[in-house]
Amino acid sequence: MSIIIERFKKIKSNIDEIRPKKKVKIIAISKTFDLDHIKPLIDHGHEHFGENKVQEAIAKWKEIKNLRQNLKLHMVGKLQSNKAKNAVEIFDYIHSLDNQKLVDILSKCQKNTNKQLKYFIQVNIGNELQKSGISVSELDSFYTYCTQEIKLNVIGLMIIPPNDEQTTKYFKSIEEINNSLALNELSMGMSADYLEAIKYSATFVRIGSSIFGSRS
Ligand SMILES: *Cc1c(COP(=O)(O)O)cnc(C)c1O
């Protein structure tokens, strides 16, 4: 068996042990790896994959997505408005809604296609200058704008918590906020912290290096 499938199965069983009844989805983050490297997991039947750059995603996924319509592609990186049109074409989920200009353009691009994407609002939970995301204080109005004014299908919140010792605190806090907005999905947890994230109701974990190996 491919080492990638072995690692994937181990992660899946780790998750099932903690959350036996919940459907936690694993997004296999394949950024920087080429399709040959990813292919075993596609052939294994896995459906959710993630990328953080629009051009890379198109080059890698366009052809195979046409052949395998079950594949779901997630945009987990910062999205520039000028790439919105291409993003709507290749991705099924966008995890990085973080400003009004972007959502306006996404909504327009989406209307020109038959596609209905699913969206997450990225929240800058640690108020970090170097990270994107809506601040907690602006979240209510941004959420209302996305869902009421322009009617994007926002299914949950997404965070990349600060790289400090308090990850649990951020998970707990975003879980409460997600619940207060009555959102069903929550995108958090990466290779290092996904087991902690699912204890706080993560429904989509984004796992790269623990599946595909370290990125050069
Ligand atoms: C790269 C990336 C991941 C995966 O990180 P790993 O530590 O390799 O699991 C998850 N989320 C985002 C937003 C990423 O850019």
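Look through Lys78, Lys72 and report the one residue that is touching a residue at least 24 places away in the same chain (Cβ under 8 Å) and in contact with a Ser or Thr (Cβ under 6 Å, 6 or more places away or on another chain).
Working: Lys72 fails: in contact with a Ser or Thr (Cβ under 6 Å, 6 or more places away or on another chain).
Going through Lys78, Lys72 in turn, the sole match is Lys78.
Are there helices (runs of 4 or more DSSP H) fully within the range 1-91 with at least 3 residues that are within 26 Å of Lys115 (Cβ to Cβ)? List them.
Details: elements: 3-18, 35-43, 54-67, 84-90.
Counting at least 3 such residues, we get 35-43, 54-67, 84-90.
Tally the residues that are touching a helix residue (DSSP H, G or I) at 6+ places or on another chain (Cβ under 9 Å) and within 17 Å of Leu102 (Cα to Cα), restricting the search to the range 116-134.
7
Give the residue, chosen from Ser187, Ser141, Ser137, that is of a type outside the set (Phe, Trp, Tyr) and in contact with a strand residue (DSSP E or B) (Cβ under 6 Å, 6 or more places away or on another chain).
Details: Ser141 fails: in contact with a strand residue (DSSP E or B) (Cβ under 6 Å, 6 or more places away or on another chain); Ser137 fails: in contact with a strand residue (DSSP E or B) (Cβ under 6 Å, 6 or more places away or on another chain).
Residue meeting the stated conditions: Ser187.
What number of residues within the range 165-216 satisfy the criterion of being farther than 20 Å from Glu17 by Cβ, part of a helix (DSSP H, G or I) and within 12 Å of the ligand (Cβ to nearest atom)?
2
From Lys23, Lys60, Lys72, Lys65, grab the single residue that is away from the ligand (no atom under 14 Å from the Cβ), closer than 24 Å to Arg7 by Cα and touching a Phe, Trp or Tyr at 6+ places or on another chain (Cβ under 8 Å).
Of the residues listed, the single one that is away from the ligand (no atom under 14 Å from the Cβ), closer than 24 Å to Arg7 by Cα and touching a Phe, Trp or Tyr at 6+ places or on another chain (Cβ under 8 Å) is Lys72.
Determine, yes or no, whether Glu128 is within 15 Å of the ligand (Cβ to nearest atom), within 18 Å of the chain's Cα centre (by Cα) and either of a type in the set (Phe, Trp, Tyr) or open to solvent by 10 Å² or more (accessible area, probe 1.4 Å) (or both).
Values: within 15 Å of the ligand (Cβ to nearest atom): yes; within 18 Å of the chain's Cα centre (by Cα): no; either of a type in the set (Phe, Trp, Tyr) or open to solvent by 10 Å² or more (accessible area, probe 1.4 Å) (or both): yes.
So Glu128 does not fit the description; no.
Go through (1) closer than 19 Å to Glu51 by Cα; (2) open to solvent by less than 20 Å² (accessible area, probe 1.4 Å) one by one and return the number of the condition Ile160 breaks.
For Ile160, the failing item is (2).
The values are calculated or read from the model by the stated rules, or taken from the named source; none is laboratory data. No experiment lies behind these values; they were computed from the predicted model shown. Because the Cβ atoms are built from the backbone with ideal geometry, glycine has one as well, and the counts that use them run over all protein chains shown. Accessible surface areas use protein heavy atoms only, side chains included; no ligands, DNA or RNA. Shrake-Rupley method; radii C 1.70, N 1.55, O 1.52, S 1.80 Å.
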